[in-house]
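Worksheet: the structure to be examined is printed underneath.
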Amino acid sequence: MKRPLAYITAAWCGEDYKNTEQAARYCRAVYEAGFSPICPTLYLPLFLNDAVPEEHKNGIDISRDLLRRSHVLVVCGHMENCGFSPSDIQRVVAELHEVFDFCGLEEAQLHFENSPY
């Protein structure tokens, strides 16, 4: 079964290990809802040094490219704190294959089961 790509973002802040643990929990929940999670927060720090300006910019570019390729944007927490500017979000939402706002994973799972994906 092919799963649609779901880009995972949140208001990442604090200590790296907490962000990693939180991101992994979000990805697991999205996976269980029937999607293939994409979460740059989990892997970009493994090879990019955010303190180097060029690598920081490259990380943003990679994230934007992955976001554009995704079918679903999953914002865990509040949209205004997710790490993207409002204009980035508006542009990408207009390009996504489908836009929806669910109250929980069960609602997302039901929608996925009845979708053409």
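The values are calculated or read from the model by the stated rules, or taken from the named source; none is laboratory data. Since the model is a prediction, treat every value here as computed from it, not as a measurement. Neighbour counts are summed over all protein chains in view; Cβ atoms, including those assigned to glycine, are modelled from backbone coordinates with ideal geometry.
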For segment 1-52 the number of residues that are part of a strand (DSSP E or B) and modelled with pLDDT of 85 or more is 7
So the check is Cβ under 8 Å with 6+ separation or different chains; which pairs have a first residue in segment 59-74 that's more than 13 Å from residue 8 (Cα to Cα) and a second one that's buried (at least 20 other Cβ atoms within 10 Å of the Cβ) and modelled with pLDDT of 85 or more? 59/40; 62/40
